[in-house]
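Worksheet: the structure to be examined is printed underneath.
Just so you know, all these numbers are worked out from the coordinates, no wet-lab data involved. Quantities reported herein were computed from a predicted structural model and do not represent experimental measurements. Glycine also receives a Cβ, built like all others from the backbone with ideal geometry; neighbour counts cover every protein chain displayed.
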Amino acid sequence: MTILTETAEKIKNMEIRGAGKIARAAANAMKEEAKSAPTDDLKAFNKRMGEAYELLYSTRPTAVSLPNALRAVMNYKADNGEEARRAIIENADKFITASENAVRRIGEIGAHRIKDGDTILTHCNSSAAFGIFETAFKQGKKINVIATETRPRQQGYITVDFLQNAGIPSTLILDSAVRYYMKKVDLVIVGADAITANGSLINKVGTSQVALAANEARVNFIVAAETYKFSPRTMFGERVEIEERDPAEVLSPELQKKWPKLKVANPAFDVTPHKYIDMIITEIGAISPEMAYWVIKDKLGWELQETAEINGKGVQQCE
Ligand code: RUB
């Protein structure tokens, strides 16, 4: 097994998960693949990197950070294999550093939104959201974080593990208890798998219900999202594909056998319309969802041109 195939496997089976981590792991896998691929023939090198791109791209369909990371790594022009390898390594390192810095910056910007004594509710496990909690807590603000369990994969356990290790007072609740607790909540902060051109959010299934409950209770709903979570393809009317996962995550194979006619649906993500989102905190600032178009156009501009050129999942020309 190479680092490439191992990373693809780990993203698929969710050993590596969360949009930011997926993107960084994919960039690193491309770098390692470039290091081990022969460079004597540029065409053959590009072909191998194209195959690596396709393999990683196919692992999880919803996290837009993944194709955005892959394109950032594959954005090069080279006259020979050695030059191409160097460019890929450089691009991957640049992407990983920028991504880590983005999470740190989001933590700093987001912490301004948190007041001493606030109770914040979060759903699933987001590094960007956790960065905000950690920064606010380190600033001496007394906060309490309510984390949902997040069925069926219980990413809420990862969140409470982070929170408990950081010494942040936290409470674990069932997903179905969100509305009950919303009265006690000052702020909701969640991460993002993707932000569409109209500012809607794609995140762990159940996020839209949290947003509805927050809206009803007049509680601010804030999204922490690096700009590489914004989806250029949605500018052309494409929808972000919602990943449908194995029914066994919801119902054991024994029970599935017991009820052979029962259908079990397991969408991993859902869409929160922009009208329920008060603010998106990115590394370039806190913006309203309506600004998503401009983030895609200005910040990810080079991708737009490329996206228009590529049909479907094609790999960009890198010669
Ligand atoms: C993870 C999830 C997270 C976002 C943001 O889903 O929905 O909220 O990916 O995470 P899964 P981050 O567990 O299915 O990957 O802020 O860490 O990028």
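Neighbours of ILE146 by Cβ distance under 13 Å: Lys/Arg scored +1, Asp/Glu scored -1, total -1. A convex hull fitted to the Cα coordinates of segment 106-299 yields 117 cubic angstrom per residue. Given H placed on each backbone N at 1.01 Å, which residues far from VAL145 in sequence or on other chains put an amide H within less than 5 Å of it? Sorted by chain and number, the residues that satisfy this are ILE120, SER170, THR171.
Summary of packing: across the peptides 75-85, 148-158, the per-residue average of other C-beta atoms within 10 Å ranks them, highest first, as 148-158, 75-85. When DSSP beta bridges are restricted to pairs lying wholly in the chain, around 35% turn out antiparallel.
The packing ranking, built from the mean of other Cβ atoms within 10 Å per residue, places the peptides 224-234, 181-191 in the order 224-234, 181-191, highest first.
Most fluctuating residue of MET74, MET279, MET14 in a GNM of the chain with Cα springs under 10 Å: which is it? Of MET74, MET279, MET14, the most mobile in the Gaussian network model is MET14. Which net charge results when you count Lys and Arg as +1 and Asp and Glu as -1 among the other residues whose beta-carbon is under 12 Å from that of LYS12? With Lys, Arg at +1 and Asp, Glu at -1, the neighbours total -1. Between amide H atoms placed 1.01 Å from N, distances below 5 Å from ASN203 occur with ASP193, ASP270, THR272, all of them 5 or more places distant or on a separate chain. Can you give the net charge of the other residues whose Cβ lies under 12 Å from the Cβ of ILE114, counting K and R as +1 and D and E as -1? With Lys, Arg at +1 and Asp, Glu at -1, the net is 0.
Extending 7 Å from the Cα toward the beta-carbon at both GLU90 and ASP246 defines two label points whose distance is 4.2 nm. Centre-to-centre separation between the Cα atoms of segment 250-276 and those of segment 118-193: 24 Å. The modelled label-to-label distance for the pair ARG239/LYS12, using points 7 Å beyond Cα in the direction of Cβ, is 2.6 nm. Counted residue by residue at 0.36 nm each, then reduced by the alpha carbon distance between them, the extension gain from TRP259 to ASP41 reaches 72.9 nm. Under a 5 Å amide H cut-off, with hydrogens placed 1.01 Å from N, ASN220 pairs with VAL188 among residues at least 5 apart or on other chains. With contributions of -39500 (n - 2.57) from each DSSP H run of at least four residues, the per-residue ellipticity at 222 nm computed over the chain stands at -13500 deg cm²/dmol. Applying the Karplus relation 6.51 cos²θ - 1.76 cosθ + 1.60 with θ = phi - 60° to segment 256-271 yields 3J(HN,Hα) values of 4, 5, 5, 10, x, 8, 6, 8, 10, 9, 9, x, 7, 9, 9, 10 Hz, where x marks Gly and Pro.
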